[in-house]
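Enquirer: My structure is below; once you've seen it, I'll send some questions.
The values are calculated or read from the model by the stated rules, or taken from the named source; none is laboratory data. As the structure is a prediction and not an experimental result, all values here were calculated from the model. Heads up, the Cβs are rebuilt from the backbone with ideal geometry, glycines too, and the neighbour counts pull from every protein chain shown. Please note that ligands, DNA and RNA were not included when accessible areas were found on the heavy atoms of the full protein model with its side chains. Shrake-Rupley method; radii C 1.70, N 1.55, O 1.52, S 1.80 Å.
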Amino acid sequence: MDWFFVLFAFLFGAAVGSFVNVCIYRLPRKLSIVKPPSHCPHCGATLSAIDLVPLLSYFWLAGKCRHCKTPISPRYFIVELITALSFVASVKRLGYTPEAILVAFSLSALLVIAFVDLEFFIVPDEAIWALGLLGFMRYLISKPQDIPIALGGALLGSFIIWVIGFLGKLIFRKEAMGFGDVKIAAAVGIHLGATWLLLPFFIFSAFIGVLIGIPIALMKSRSITGYIPFGPAMAIAAGIVFLAPPSVINFVLGLYSIPTS
Ligand SMILES: [Zn+2]
């Protein structure tokens, strides 16, 4: 019956992905995420159920609004697919447990953070709060005695980013890190705690920041030069650390001669 639960996780994740899309569009525009019902951003027509089936609508609408024929961004499909796959990955990694559900929703919050930051260079507070609260709930259900470690992780994570930003400002004489980056590090820090898990998180963030920074730097259409998308990179790195098997994390820590459990 495993395939049945995997399919359920995929479909449930795709439905959550629709809501992730609503958040990505509405939060940076300061719009309510509950009303009005979904509508075409171009012609304003209210979308009906048939237009809003996760993943599938994009195909039978052939990527266009049914009313005004304006192309729909492929981002809607991509976000629904990533969310669906992240729900499957969470249950594969953590089993059919409450923690898997909390991690899956945390990945959705990270997805909102990554896409909004990439497009608007801002970090929506609603997604930060959601990510932080989900982190607290992970401790509450499994190891409430470790909540001080979670708080320490928030402080340590944000402090590290603040220090990197401070040094970057001294060296490059321009803003290297925004306050949004500090907030992301705080919320991720709650999940990882004041533990060595923060190390692979920051190492992966740096690598991914460079990896996605290069194509952005090559795109001349971006007016800002030297923008390193560190917020999206941290969101991706957090997702990897949440899902990585212990062997991967222990391998990275071993590279730095840090004893692993
Ligand atoms: Zn339309």
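Enquirer: Report the convex hull volume per residue for the range 22-103, counting only C-alpha atoms, in Å³.
Expert: Convex hull of Cα atoms, per residue: 118 Å³.
Enquirer: While we're looking at this one, here's another question. Between Asp146 and Tyr256, what FRET efficiency comes out of the Förster formula 1/(1 + (r/R0)^6) with R0 = 22 Å and r the beta carbon distance, rounded to 0.05?
Expert: 0.40
Enquirer: Per residue, what accessible area does the chain have, given a 1.4 Å probe and all protein chains present, in Å²?
Expert: It amounts to 55 Å² per residue over the chain.
Enquirer: Related question: Explain nothing, just the number: relative contact order of the range 20-108, from Cα pairs under 8 Å at least 6 residues apart, as a whole percent.
Expert: 20 percent
Enquirer: Please compute the modelled spin-label separation between Phe166 and His67, points set 7 Å along Cα→Cβ, answer in nm with one decimal.
Expert: 5.3 nm
Enquirer: Kyte-Doolittle cut-off 1.0, length cut-off 18 Å along the helix's own axis using Cα: show which whole DSSP H helices in the chain pass.
Expert: Counting only whole DSSP H runs, the qualifying helices are 2-26, 75-94, 98-120, 147-172, 179-192, 198-218, 230-243.
Enquirer: Rounded to the nearest 20 debye, what is the charge dipole size of the chain about its Cα centre when +1 sits on each Lys and Arg Cβ and -1 on each Asp and Glu Cβ?
Expert: The dipole of the chain has a size of about 640 debye.
Enquirer: Return the long-range amide H neighbours of His39 (sequence gap of 5 or more, or a different chain), with a cut-off of under 5 Å between placed amide H atoms.
Expert: Leu47
Enquirer: Could you work out the relative contact order of the range 105-261, using alpha carbon pairs under 8 angstrom and six or more residues apart, expressed as a whole percent?
Expert: 26 percent
Enquirer: Out of residues 5 or more away from Lys64 or on other chains, whose amide H comes under 5 Å of its own, with H placed 1.01 Å from N in the peptide plane?
Expert: Amide H neighbours of Lys64, under 5 Å, 5+ apart: Ile72.
Enquirer: What residue among Ala176, Ala109, Ala235 has the largest mean-square fluctuation in a Gaussian network model of the chain, using Cα springs under 10 Å?
Expert: Ala176
Enquirer: Given 0.36 nm per residue, what is the gain on full extension from Asp2 to Val210 after removing their alpha carbon distance, in nm?
Expert: Difference between extended and current length: 71.1 nm.
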